[in-house]
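Below is one structure, written out as structure tokens; the observations come after it.
The values are calculated or read from the model by the stated rules, or taken from the named source; none is laboratory data. The structure displayed is predicted, hence computed values, not measured ones. Glycine also receives a Cβ, built like all others from the backbone with ideal geometry; neighbour counts cover every protein chain displayed.
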Amino acid sequence: MSENWTLRRIEKTDIPALFIVRVATRENALSMETLNQLGITLDSVATMMDTTHQGWLCEMDNKVVGFAMGNRKTGEMWVLAVLPEYENRGMGKALILAVENWLFSEGLEELWLTTDIDTTLRAYGFYRHLGWQDSEIRDGCRYMKKFRPQNA
């Protein structure tokens, strides 16, 4: 398998592949049933892309292997997901930075995300390494924030 991967903006035709990646993540795994219960469906994601959300995906060997999306209305880093077998290749960092750059370019001064309260999970260290700061723990979730860089 080639180590070459590409990063590109998500199109609506990519949405089914995003769900395949999302339900296969190692940390914070959610089933299709749970996503549906949360109102996250093929149609709802398409609607969000028409209004508030945008994202990027990574492809490798013509397969979507990771993606990230943000919400320009709220500043939320909405989702970051990479297939377990494609972790540790720089995709997650490239994806989150693409979404952060877009959100900051939309005029936001502060971004936020939620993650597990368990600081031993890889996600927590990953976010901290990229400059995200703890904000609060509420409703069983850790809220983290990132502020616009001074030179942006």
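What about T34, is it exposed (fewer than 13 other Cβ atoms within 10 Å of the Cβ), among the β-branched types (V, I, T) and assigned to a strand (DSSP E or B)? Reasoning before the result, please.
Values: exposed (fewer than 13 other Cβ atoms within 10 Å of the Cβ): yes; among the β-branched types (V, I, T): yes; assigned to a strand (DSSP E or B): no.
Here the answer is no, as T34 does not meet what is asked.
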Kindly evaluate G75 against the criterion of being within 17 Å of the chain's Cα centre (by Cα) and within 23 Å of I15 (Cα to Cα).
yes
Being touching a residue at least 40 places away in the same chain (Cβ under 8 Å), closer than 19 Å to L7 by Cβ, touching a helix residue (DSSP H, G or I) at 6+ places or on another chain (Cβ under 8 Å) and of a type in the set (G, A, S) narrows it down to one residue among G66, G92; which is it?
G66
From the set of residues in region 95-109 that are surrounded by fewer than 16 Cβ atoms within 10 Å (Cβ to Cβ) and under 16 Å from the mean Cα position of the chain (by Cα), which is nearest to T52 (Cα to Cα)?
N101
Search region 99-117 for residues that are part of a strand (DSSP E or B) and pair each with any residue that is among the aliphatic types (A, V, I, L, M) when their beta-carbon atoms are under 6 Å apart and the residues are at least 6 apart or on different chains.
L111/M77; L111/L103; L113/M77; L113/M144; T115/A123
I'd like to know if region 22-32 contains one or more residues that are more than 23 Å from T120 (Cα to Cα) and touching a Ser or Thr at 6+ places or on another chain (Cβ under 8 Å).
no
For region 11-31, enumerate the residues that are assigned to a loop (DSSP other than H, G, I, E, B) and not aliphatic (A, V, I, L, M).
E11, T25, R26, E27, N28, S31
Count, please, the residues in region 94-152 that happen to be aliphatic (A, V, I, L, M), at pLDDT below 95 and in contact with a Ser or Thr (Cβ under 8 Å, 6 or more places away or on another chain).
2
Among the residues of region 43-59, are any surrounded by 18 or more Cβ atoms within 10 Å (Cβ to Cβ) and of a type in the set (D, E, K, R)?
yes
Which ones in region 44-95 are within 20 Å of T115 (Cα to Cα), touching a Phe, Trp or Tyr at 6+ places or on another chain (Cβ under 9 Å) and among the aromatic types (F, W, Y)?
W56, F67
